[in-house]
1. Which of the residues that make up region 44-59 are surrounded by 13 or more Cβ atoms within 10 Å (Cβ to Cβ) and not polar (S, T, N, Q)?
2. Would you mind finding the one in Glu318, Glu294, Glu347, Glu306 that is among the charged types (D, E, K, R) and surrounded by 21 or more Cβ atoms within 10 Å (Cβ to Cβ)?
3. How many of the residues making up region 150-172 are surrounded by fewer than 21 Cβ atoms within 10 Å (Cβ to Cβ) and assigned to a helix (DSSP H, G or I)?
4. Keeping to region 333-384, report how many residues are among the β-branched types (Val, Ile, Thr) and either within 21 Å of Pro126 (Cα to Cα) or in a helix (DSSP H, G or I) (or both).
5. Within the bounds of region 118-135, is there any residue that is in contact (Cβ under 8 Å) with a residue 60 or more places away in the chain, among the hydrophobic types (A, V, I, L, M, F, W, C) and surrounded by fewer than 20 Cβ atoms within 10 Å (Cβ to Cβ)?
6. Condition (residue is assigned to a helix (DSSP H, G or I), touching a Gly at 6+ places or on another chain (Cβ under 6 Å), under 22 Å from Arg385 (Cβ atoms) and not aromatic (Phe, Trp, Tyr)) applied to region 114-131: is it met by at least one residue?
7. If the requirement is being of a type outside the set (A, V, I, L, M), open to solvent by 40 Å² or more (accessible area, probe 1.4 Å) and modelled with pLDDT of 95 or more, which of these qualifies: Trp216, Trp204?
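The values are calculated or read from the model by the stated rules, or taken from the named source; none is laboratory data. Just so we're clear, the structure is a prediction, and the values are computed from it rather than from any experiment. Here the Cβ positions follow ideal geometry from the backbone for every residue, glycine too, while neighbour counts run over all protein chains shown. Keep in mind that these areas ignore ligands, DNA and RNA; they rest on the heavy atoms of the full protein, side chains included. Shrake-Rupley method; radii C 1.70, N 1.55, O 1.52, S 1.80 Å.
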Amino acid sequence: MPQQANAIANFVLLLWLPIVVYIFSRFPAQRALVISFLGAWLFLPMASIKFPGIPDYNKMSAASYGILLSTIIFDVGRFSTFRFSWIDMPMAVWCICPFFSSMANGLGPYDGLSATLSQVVTWGIPYFLGRIYLNNLAGLRNLAIAIFIGGLLYIPFCLYEGRMMFSFHEAFYGFHPGGFLMSIRLGGYRPTVFMNHGLMVGVWMMSASLMGVVLWRTGIIKKVWNFPISWWVGLLLVTFVLVRSTGAYMLFAAAVVIFLIARYFQNTLLVWLLIGGMCIYLNLGATGAFPRTEITGAVAQVFPPERVQSLDFRFENEEILSAKARQNPIFGWGGFGRNRVFDEYGEDTTVTDSLWIIAFGLNGYVGLISIFMALLVPVVAFCRRYPAKLWAHPAVAPAAALAVSLLMYALDCILNAMVNPVFALTCGGLAGAVVASSTETAPRRSRIASKAT
C-alpha cells in the first residue's frame, strides 16, 4: 500500500461485521448475501488490518467473515446442504497448494498454513458461499441483477472521477490505492473509485454492462427505479466507455459476440475457441515456447508503437519469470519473493503483471492448472448443462451472462492480476447450479428448451 490508511478506513472495515449481521436479520438469505458481498467489494477501502495468526483483515475478509457469522446465527443448517463434488476439486487444490509450495521450499508448516489460509479467505470462502447460497438459477439471477445494480451505483463515482481527476478513495480513506499517475490513460483520468486499479473498475463495469444488456434484451427487468431499463443500460454503456480501459472494451465485445452467436446460431463455438486459446497460451508461456517476436510483429501492424512496446515488455518479463518458475516446476517457489528475479545488487528486475505468471511462479504447475481450471470448469460444465439454445430463456439468461462474464475474467487474468472475489463467488454459484441441475427432471429441462425456442 503506497500510503497509510486513515482511521476511518479501519473503522469502516471493523464496522462491516455487525452491518452484515444486521443485513441478514432484515433480508432473505440470498439477497442478504449479494448485498453484503457486493457492498463490501464496491465501497469498503483497499486497506487491511493486521491481526496475529490470521491473514490480513481486508474488505473481502470482512464480508466473508460477516456472512459466515450471520449464517451461523440465522441459517446454520445451510452448511449441511454442501456436498463436495468433482467440480469443486480445482478450487480445493488451488486453496491448499500454497502449503505444499512452502513445504517443498523448506519454508515450514507455519508459513504453509498461513499462505493456505490467505488463499482460502481470498478464493475459497467466496466460492463456498456461492456454492451454498447461489446454487440454482434463481440465485444466479439475483447475483446478475446485483452486479448490474452495482454498476449503476458506480456511474456517478466514475463520471465525477473521470471529469475532475478526483479520487473518492483518497478523499474518504486517506490514500489513492493505485497512485495518481497510474490513472492517467487515453488523454484523461481513469477512475478507480474504491477499487485497487482502474483496470479492476474496467472489468467490473464490463461485467455490469453485460448483465444489463442481457437483462434488458431478455425482458427480465422492465424498469429500475421507475425508469425504463433501456435508459439505464445506455447510461451504463456510456460510463463504461469513459472508464478508459481498452482491454475491458475488447472483453465486452467478445462477450456480446458470444451471445449473438448463441442467439442466431445456437452454439457456443466462440466459448470453446477462447478456452482453447487460453490453454495454448498458458502451455506455450509455461514451457518457454511462446512466440514473442512473431506476435509482437503481428500486433505492430495494427496498434501504435507505444502499445506494442508495452506488450513486448510484458512478454519479456513473463519469459524471464517463466524460466525462473521452471526451475521449481511442480509447486513453485512459495512466498517471500522467491519467484522473482534479482540482479547482483539484490534489486528486483522483473514485473509480474498477470495472474498466470504469479500462480506459476508461486505454486508451479499445480497452482497454474488449478486456478484456471477453477475458473473455467464451471463455465464448461454450465455450457454443457445449458446449451446455447436455452440462453434466451429468462430463467437461464442471467446465469449464462455470469458464465460468459467469468470466462472474460479468466481471459483478463492472462494479462492482468486483478483479483476480484466476486468472480470466485460466481464460480461457486455456477458450480452449485450445475451440481443441482444434475438431479433436475428431464421434463423440466424440456419445458425450458421448448420455451427458449
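1. Once the filter is applied, which keeps residues that are surrounded by 13 or more Cβ atoms within 10 Å (Cβ to Cβ) and not polar (S, T, N, Q), region 44-59 yields Leu44, Pro45, Met46, Ala47, Ile49, Ile54, Pro55, Tyr57, Lys59.
2. Values: Glu294 fails: surrounded by 21 or more Cβ atoms within 10 Å (Cβ to Cβ); Glu347 fails: surrounded by 21 or more Cβ atoms within 10 Å (Cβ to Cβ); Glu306 fails: surrounded by 21 or more Cβ atoms within 10 Å (Cβ to Cβ).
Criteria check complete, one pass: Glu318.
3. The initial filter retains those residues of region 150-172 that are surrounded by fewer than 21 Cβ atoms within 10 Å (Cβ to Cβ), namely 152-153, 155-157, 159-160, 162-166, 168, 170-172.
Remaining after also requiring assigned to a helix (DSSP H, G or I): 152-153, 155-157, 159-160, 162-164, 168, 170-172.
The qualifying residues number 14.
4. The number of residues fulfilling the criteria is 8.
5. Checked against the condition, which is being in contact (Cβ under 8 Å) with a residue 60 or more places away in the chain, among the hydrophobic types (A, V, I, L, M, F, W, C) and surrounded by fewer than 20 Cβ atoms within 10 Å (Cβ to Cβ), region 118-135 yields no hits at all.
6. yes
7. Numbers: Trp204 fails: open to solvent by 40 Å² or more (accessible area, probe 1.4 Å).
Among Trp216, Trp204, only Trp216 is of a type outside the set (A, V, I, L, M), open to solvent by 40 Å² or more (accessible area, probe 1.4 Å) and modelled with pLDDT of 95 or more.
Every residue, every condition in (1) farther than 30 Å from Phe313 by Cα; (2) open to solvent by 20 Å² or more (accessible area, probe 1.4 Å); (3) touching a Lys or Arg at 6+ places or on another chain (Cβ under 9 Å), yes or no:
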| residue | (1), (2), (3) |
| --- | --- |
| Val380 | yes, yes, no |
| Lys389 | yes, yes, no |
| Pro398 | yes, no, yes |
| Leu407 | no, no, no |
| Ala417 | no, yes, no |
| Leu425 | yes, no, no |
| Leu430 | yes, no, no |
